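Asks: Have a look at this one before I ask anything.
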Amino acid sequence: MATVDIDSIPAVYDAKNTEEEIYKLWESEDAFKADSSSQKPPYSIVIPPPNVTGVLHMGHALDGTLQDILVRYHRMSGYETLWVPGTDHAGIATQNVVEKNLRMEGKTRFDLGREKFVEKTWVWANEHKSSILNQFKRLGASFDRSRERFTLDKGCSDAVKEVFVRLYEKGLIYKGAYIVNWCPRCQSAISDIETDYETEKSNLWEISYPLKDEPGAIVVATTRPETIYGDVAIAVNPTDYKYKDLVGKTVCIPLTGREIPIIADDYVDKSFGTGALKITPAHDPNDYEVGKRHGLKPIWVIDEQGKMKTCEEVHPDVQGLDRFEAREKTVGLLKLNNSLIRIVPIEHNVGKCQRCNTTIEPLLSEQWFVKMEPLAKAAIEAIDKGELRFVPERWTKNYLGWMTNIRDWCISRQLWWGHQIPAYYHKTTGEMVVAKENPDPENYVQDSDVMDTWFSSGLWPLSTLGWPNTENPDFKKFYPTSVLVTGFDIIFFWVARMIVSGYEFSGKAPFSTVYIHGLIRDELGQKMSKSKGNTIDPVGIIDKYGCDALRFTLTSLCTYGGQDIKISDERFEYGRNFANKIWNASRFVMINLDGVDNKPIDFGSLTIADKWILDKLNKTAKEINENIENYRIGETAHTLYEFFWNSYCDWYVEIAKIQLNDEKLKANTQRVLLYVLDQTLRLLHPIMPHITEAIWQKLPLQKDEKLLMKSKFPTYSEKLSFETEAREMEFVFETIKSLRNVRQAFNIPVSLKMNIEIISEGKEEEIFKDIEAYIKRLARVEGIKYIDAKEGEGIKQSASAIVGNSKIIIPLKDLIDINSEIERQNKKLEKILNEKKSLLGRVNNPKFVANAPVELVNQTKERIEELEQTQKAIEELVESLKI
RNA sequence: GGGCGUUUAGCUCAGCUGGUAGAGCGCCUCCCUUACAAGGAGGAUGUCGGGAGUUCGAGCCUCUCAACGCCCACCA
């Protein structure tokens with residue numbers, strides 16, 4: 001015999017304490033730990049590793065919640081489930097933070113030296129990586145901390161070296177001079193996708209270059225006058241008649257007088273500017289290509305700091321100046337020199353460093369690259385072969401577009417924090433060796449560059465599961481992973497690269513599904529960012545509303561199309577209110593469990609309401625399984641909300657109050673209440689893990705598992721299907737609703753119990769007799785009298801309702817106004833007539849009858865019959881009222 | 001320039017394979033009915049952006065126009 005201490009269950013759900021307590025319970029049971037030797041089928045997810053520099057934001061909260069839902073659902077559905085947590089060393093971001101801290105001490109990284117600096121950064125990273133993952137704990141994340149990884153740890157480092165060497169040996173990694181996006185502030189090259197473009201107002205300066213040894217000049221338009229010192233040619237379009245005679249001649253660079261040729265190249269757009277273009281191969285990617293075609297040697301005039309070089313090509317007054325100062329100075333000099341023809345204001349796009357927003361300086365330099373095209377092949381075919389799919393599907397196109405136009409990937413970064421490139425140079429001969437280890441530390445020094453952060457995170461599914469040791473039990477059991485959950489913003493940075501490396505090094509896609517969710521935005525639809533000050537801190541929301549409230553709200557806002565999600569603080573009231581509802585409904589059940597036995601439900605003595613709720617539960621379970629399997633997470637939340645609140649609480653619990661007062665029904669009702677609650681908690685658990693576990697722990701159930709999170713997830717069961725009763729219950733709802741409607745329409749006080757008369761026959765009359773108790777209680781009815789159709793004299797001075805083919809009469813002398821009752825009935829009649837009219841229109845259309853499915857035609861006809869009967873009944877009512 | 005998305009109730013948005021529109025919030029009425037006022041009961045509200053087409057039937061499919069948003073590429 002079970003008892004529940006009700007005093008221990010307050011009427012308002014205490015999320016904070018409950019969540020803390022429950023997470024501790026899971027941890028103490030080591031419940032998130034996966035077993036690679038298990039016989040169960042595997043289900044695995046690797047977390048998109050948050051930056052060590054990061055703090056939990058709403059995007060993490062959504063991403064983490066979705067993963068946790070999938071993981072918890074599969075864990076309960078019989079899979080050996082592994083969710084791998086970890087963090088990313090975030091090369092530039094982390095180095096920036098540590099450098100900033102140093103600056104506050106008045107130091108730079110160079111004061112410390114590389115070794116000391118990296119050491120210091122490790123200390124910082126170690127301190128912070130637990131902090132972001134601990135914040136994920138506040139989310140209820142059921143990841144396996146015993147398998148936590150870091151993109152710079154030994155295992156990841158080994159994988160990185162292995163991959164680098166293999167790709168190098170295959171000729172897919174090469175070192176070469178190329179124009180890269182150089183960030184003068186970060187002092188490093190960055191990749192194309194780390195560069196953002198911003199529209200800026202600027203000028204097009206038209207500068208005149210005089211011809212050598214003859215009168216005349218050619219005028220070029222440029223947005224970067226400071227680069228004239230690096231010019232190696234003036235290019236015009238070969239078809240441009242204006243300049244036809246000038247091609248092949250020589251001009252002098254104003255201010256310095258250096259001589260350069262006029263060349264012809266298709267690249268030049270005749271209609272832009274003056275149609276003549278200055279070529280600066282060292283500082284512009286397109287110019288570099290043109291220069292290469294014409295065998296022109298680049299001249300460097302801007303250094304890595306973004307300052308003008310001190311060299312003979314640069315005008316002495318400009319040497320050493322910052323590039324923007326140099327621009328002003330150069331324009332001034334040109335003006336004095338009469339070389340400046342005019343200034344045309346324009347708006348153009350300027351590349352910016354994604355990390356620090358510094359204007360990018362295209363710079364010709366020696367960097368390491370990965371040849372992507374051969375690697376992309378398998379990643380492209382994966383889609384056609386059906387080995388990889390995106391949810392929602394529209395992202396496939398995006399992914400394929402990028403993959404098929406892929407460019408080589410600049411992987412070297414001139415930083416100190418990261419995986420150092422495993423290339424070694426002989427101290428005297430300069431000979432280069434690429435190897436996992438330094439072949440001879442006496443005589444070889446390692447390349448000083450490190451690799452792009454995304455190089456190591458691109459190996460994440462491989463490296464976290466033990467690759468390159470393919471005999472590792474985790475790798476054998478859990479690779480490839482099941483699904484990758486992330487936002488669309490890192491499809492190119494990360495997802496695409498993981499797919500490429502998955503195919504290259506394991507021959508398989510690292511996951512078969514990429515589930516892409518929307519981005520979190522503020523209530524105005526703007527991206528959340530610290531600089532805008534519009535962020536909502538998930539931890540703050542958890543403190544205020546509770547973790548499960550946060551999870552439920554976020555989940556409910558997910559759409560199948562993966563739309564972005566606008567949130568505001570108040571939206572989380574939705575989840576909090578639902579959590580409170582769950583808490584209180586459970587509280588009601590527990591309060592009413594006195595004398596409960598642990599016997600199974602007696603199916604022989606179920607009431608119509610019992611059968612209805614079991615049927616509804618069963619259908620809900622079916623839907624939930626389908627929804628989660630198909631990544632319809634938002635619908636999962638809505639379905640559960642609707643079932644629990646509108647079916648279980650609003651109707652079944654209210655009906656149970658009646659049945660619990662009936663000694664014959666009490667025990668079985670308790671069992672049904674408890675059973676449905678137990679099953680519902682299981683269904684809700686993946687989305688709202690804490691509250692469900694907390695309640696479940698209190699329920700006096702016979703339990704196979706100690707924890708709800710390890711218990712079986714409900715599925716559809718034929719045994720619980722009660723179609724007929726489910727339909728009959730609709731009759732009950734109709735009846736009660738119409739009676740409530742009448743009460744409200746005529747302002748009948750709740751305290752006044754009504755007496756009603758029913759005109760009915762056959763099956764319907766039987767049902768009425770079955771559900772009398774429900775009607776009496778839920779519609780506050782005193783007595784029910786069954787009368788013959790002919791005894792209808794009481795209709796005068798009564799309100800009435802039609803349910804099915806039956807008439808319910810509510811005699812209300814003095815309480816009702818006949819005219820308003822007539823009006824009320826006429827309104828209903830009008831609705832019915834409207835519906836009937838349109839349905840008749842269909843049925844009378846021979847084409848509809850010929851083309852529509854037979855079922856639909858029959859359904860429509862049946863509906864018309866129903867409507868006609870109701871119409872007739874209402875018309876009779878109105879007639880008798882009028883008398 | 002190329003691609004994608006959005007436009008549905010006052011607000012925020014659902015609506016899967018076409019069968020006469022839904023939720024939450026807000027609003028109006030009533031109710032502290034012994035789980036819950038973070039609650040209960042009842043109610044009002046939409047020519048589904050405009051136009052055309054396909055279909056027996058269109059919020060959903062096709063075309064077109066419009067507005068807003070995002071991504072990619074980038075001409076000095």
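Asks: Under the √(5λ) rule applied to the eigenvalues of the Cα gyration tensor, what semi-axes describe the equivalent ellipsoid of region A:211-362? Give them in Å, descending.
Replies: With the √(5λ) rule applied to region A:211-362, the semi-axes are 24, 18, 15 Å.
Asks: Let me ask something additional. How much solvent-accessible surface does A:R258 expose, in Å² to the nearest 10, with a 1.4 Å probe and all protein chains in place?
Replies: It works out to around 60 Å².
Asks: Still on this structure: Tell me the per residue accessible area of chain A using a 1.4 Å probe; a whole number in Å² is fine.
Replies: 45
Asks: Moving on. Using the Cα centre of chain A as the reference point, and only Cβ charges (+1 on K/R, -1 on D/E), how large is the resulting charge dipole? Debye, rounded to the nearest 20.
Replies: The dipole magnitude comes to about 360 debye.
Asks: Hey, another quick one. Quote the accessible area belonging to A:Y479 in square angstrom, nearest 10, computed with a 1.4 Å probe and with ligands, DNA and RNA left uncounted.
Replies: Approximately 20 Å² for this residue.
Asks: Determine, from the Cβ-Cβ distance of A:T239 and A:T396 and an R0 of 25 Å, the FRET efficiency 1/(1 + (r/R0)^6), rounded to the nearest 0.05.
Replies: That pair, A:T239 with A:T396, gives E of 0.05.
Asks: Next question, about the same structure. Accessible area of chain A with a 1.4 Å probe: how many percent of it is carbon plus sulfur?
Replies: Result for chain A: 48 percent of the exposed heavy-atom area is carbon or sulfur.
Asks: Next up: When ranked by the protection proxy of mean other Cβ atoms within 10 Å per residue, highest first, what sequence do the peptides A:561-569, A:407-415, A:595-603, A:220-228 form?
Replies: A:220-228, A:407-415, A:561-569, A:595-603
Asks: Sticking with this one: Rounded to the nearest 0.05, what FRET efficiency do A:Y267 and A:Q354 give with R0 = 22 Å and r taken as the Cβ-Cβ distance? Could you check?
Replies: 0.20
Asks: Something else now. In the structure shown, do any of A:K16/A:K530; A:K566/A:K719; A:K212/A:K352; A:K619/A:K753 have a Cα-Cα gap over 31 Å, and if so which?
Replies: Result: A:K566/A:K719; A:K212/A:K352; A:K619/A:K753 exceed 31 Å.
Asks: Which order do peptides A:310-323, A:272-285, A:143-156 fall in by mean Cβ count within 10 Å, highest first?
Replies: Highest mean packing first, the order is A:272-285, A:143-156, A:310-323.
Asks: Just to confirm my numbers, what's the Cα centroid distance between region A:532-583 and region A:97-139 in Å?
Replies: With region A:532-583 and region A:97-139 each reduced to a Cα centre, they are spaced 32 Å.
Asks: Next question. Suppose we keep just the DSSP beta bridges with both residues in chain A; what percent of those would be antiparallel, to 5?
Replies: 70
Asks: Give or take rounding to whole Å, what are the principal axis extents of the alpha carbon atoms in chain A, in descending order?
Replies: 122, 63, 54
Asks: Could I ask something else about it? Provide the gained length on full extension for the span A:I490 to A:S38, in nm with one decimal, where the gain is 0.36 nm per separating residue minus the Cα-Cα distance.
Replies: 159.4 nm is the gain from fully extending A:I490 to A:S38.
Asks: Could you sort A:Y786, A:Y424, A:Y444, A:Y716 by accessible area so the largest value comes first, with the probe set to 1.4 Å?
Replies: A:Y716, A:Y786, A:Y444, A:Y424
Asks: Measuring from label point to label point, each 7 Å out along Cα→Cβ, what is the A:E734 to A:K212 span in nm?
Replies: That separation, rounded to one decimal, is 9.9 nm.
Asks: Here's a follow-up. Can you tell me the length gained on complete extension of the stretch A:K847 to A:A11, counting 0.36 nm per residue apart and subtracting the Cα distance?
Replies: 295.0 nm is the gain from fully extending A:K847 to A:A11.
Asks: Tally Lys/Arg at +1 and Asp/Glu at -1 over every other residue whose Cβ is under 11 Å from the Cβ of A:A34; what's the total?
Replies: Neighbour charge sum, excluding A:A34 itself: 0.
Asks: Let me ask you something else. Any idea how far apart A:D537 and A:E855 come out in nm if each label point goes 7 Å out from Cα toward Cβ?
Replies: Inter-label distance under the simple model: 5.4 nm.
Asks: Divide the volume of the convex hull of the Cα atoms of region A:741-816 by its number of residues and quote the answer in cubic angstrom per residue.
Replies: 83
Asks: Does a label point 7 Å from the Cα of A:Q305, set along Cα-to-beta-carbon, have any residues of region A:280-295 with amide nitrogen under 14 Å, and which are they?
Replies: none
Asks: Could I ask something else about it? Provide A:D303, A:D68, A:D704, A:D817 ordered by accessible surface of protein heavy atoms (probe 1.4 Å), highest first.
Replies: Listed by decreasing accessible area, they come as A:D704, A:D817, A:D303, A:D68.
Asks: Calculated FRET efficiency, A:T195 and A:K703, Cβ-Cβ r, R0 51 Å, to nearest 0.05?
Replies: Calculated transfer efficiency: 0.35.
Asks: Among A:42-48, A:14-20, A:545-551, what's the highest-first ranking by average C-beta atoms within 10 angstrom per residue?
Replies: A:545-551, A:42-48, A:14-20
Asks: How far apart, in nm, are the 7 Å Cα→Cβ label points at A:I346 and A:C649?
Replies: Taking the simple label geometry, A:I346 and A:C649 are separated by 6.2 nm.
Asks: Membrane-span-like helices in chain A: DSSP H runs reaching 30 Å or more (Cα, own axis), mean Kyte hydropathy at least -0.5?
Replies: A:663-684
Asks: Starting from the Cα of A:F324, step 7 Å toward the Cβ, then list every residue of region A:342-358 with an amide N under 11 Å from that point.
Replies: A:358
Asks: Per residue of chain A, what 222 nm ellipticity follows from adding -39500 (n - 2.57) for every DSSP H run with n ≥ 4, rounded to the nearest 500?
Replies: After summing the helix terms and dividing by residue count, I get -13500 deg cm²/dmol.
Asks: Something else about it: Throw me the Rg/Rh for region A:32-181, computed over C-alpha atoms with Kirkwood Rh, two decimals.
Replies: Rg divided by Rh gives 1.06.
Asks: Further question: If each residue of separation counts as 0.36 nm, what is the full-extension length gain between A:N661 and A:Y178 once their alpha-carbon separation is subtracted?
Replies: Result: 165.5 nm gained on full extension.
Asks: If you don't mind, there's one more thing I want to ask. I'd like the isolated cysteines in chain A, meaning no second cysteine's beta-carbon lies under 4.7 angstrom from theirs.
Replies: If one checks each Cβ against the other cysteines of chain A, A:C156, A:C252, A:C311, A:C356, A:C410, A:C547, A:C558, A:C649 turn up with nothing under 4.7 Å.
Asks: Where does the charge balance sit around A:K737 when Lys and Arg score +1, Asp and Glu -1, over other residues with C-beta under 12 Å from its C-beta?
Replies: Local net charge: -1.
The values are calculated or read from the model by the stated rules, or taken from the named source; none is laboratory data. Bear in mind that the values here come from a model prediction, so they are computed numbers and not experimental data. Note that each Cβ is placed from the backbone with ideal geometry, even for glycine, and that neighbours are counted across all protein chains shown. Accessible surface is based on the protein model in full, side chains and every heavy atom, while ligands, DNA and RNA are left aside. Shrake-Rupley method; radii C 1.70, N 1.55, O 1.52, S 1.80 Å.
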